[in-house]
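Below is one structure, written out as structure tokens; comments come after it.
The values are calculated or read from the model by the stated rules, or taken from the named source; none is laboratory data. Keep in mind it's a predicted model, so treat the numbers as computed, not measured. FYI the Cβ positions are ideal-geometry reconstructions off the backbone, even for glycines, and counts take in every protein chain you see.
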Amino acid sequence: MSKVINQDSQETFFISTVTMSFNPMEDRVVMDSSDKNEKVERLWLSRRLLDRLIPSLTDQLEVKSSNEIPTELEQSLAQEKAELDKQEAEAVKMKIKNPSWLVTSIQIRRSESTFQLVFLGENTEVSNITKSKAKFDLATTNLRQWLNAVYKIYLKAEWETKAFPPWLKESSSKSNKPILLN
């Protein structure tokens, strides 16, 4: 028997803060996300999906290079600056009743100074499958911080890091702090 997908129940969740971690039982990245009203949702990201997303994002960052110094050096310095500029924030707190869903695709939208990641997926925790959608608007510096967080999770998970460019690997520092973004 197949489940009915409810197309009308798709409401967009606008992410403002995330706390990221690795779940070894699921072998996935967990992105606990909150919006400006402190509503919380958990997004599950697979390695396969991230392996396709990361090169696309890093290629778009490289396109913005000034060509005044070698691209790899410029990108490495920008990554380090983004990590230094990161501000401490409180971790997103999940509760049992908060929505939790698997991201099955990600769309990238880009303007001159911002990126928008649109996460699409399905929530199967209810009696019928509902479509889920979340938007995450990131300034370039925040995108770099998000990529650093994902890279640290790959290291923790002992996943292959070939999807990441050398300039990102070099600039990423190791830390055991929760990974937060505002």
Quiz item: Out of curiosity, is Leu43 crowded, with 19+ Cβ neighbours inside 10 Å, in a helix (DSSP H, G or I) and either modelled with pLDDT of 80 or more or in contact with a helix residue (DSSP H, G or I) (Cβ under 9 Å, 6 or more places away or on another chain) (or both)?
Solution: no
Quiz item: Restricting to the range 80-101, what's the tally of residues that are modelled with pLDDT of 65 or more and either of a type in the set (Gly, Ala, Ser) or in contact with a Lys or Arg (Cβ under 8 Å, 6 or more places away or on another chain) (or both)?
Solution: 8
Exercise. Considering each of Lys162, Lys174, Lys156 in turn, give the residue that is over 17 Å from the mean Cα position of the chain (by Cα) and modelled with pLDDT of 90 or more.
Key: Lys162
Quiz prompt | Output for the range 46-64, where each listed residue is assigned to a helix (DSSP H, G or I) and under 14 Å from the mean Cα position of the chain (by Cα) | solution = Arg47, Arg48, Leu49, Leu50, Asp51, Arg52, Leu53, Ile54, Pro55, Ser56, Leu57, Thr58
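Could you please let me know if Ile15 is of a type in the set (Val, Ile, Thr), modelled with pLDDT of 95 or more and closer than 30 Å to Glu112 by Cβ?
Yes: the conditions hold for Ile15.
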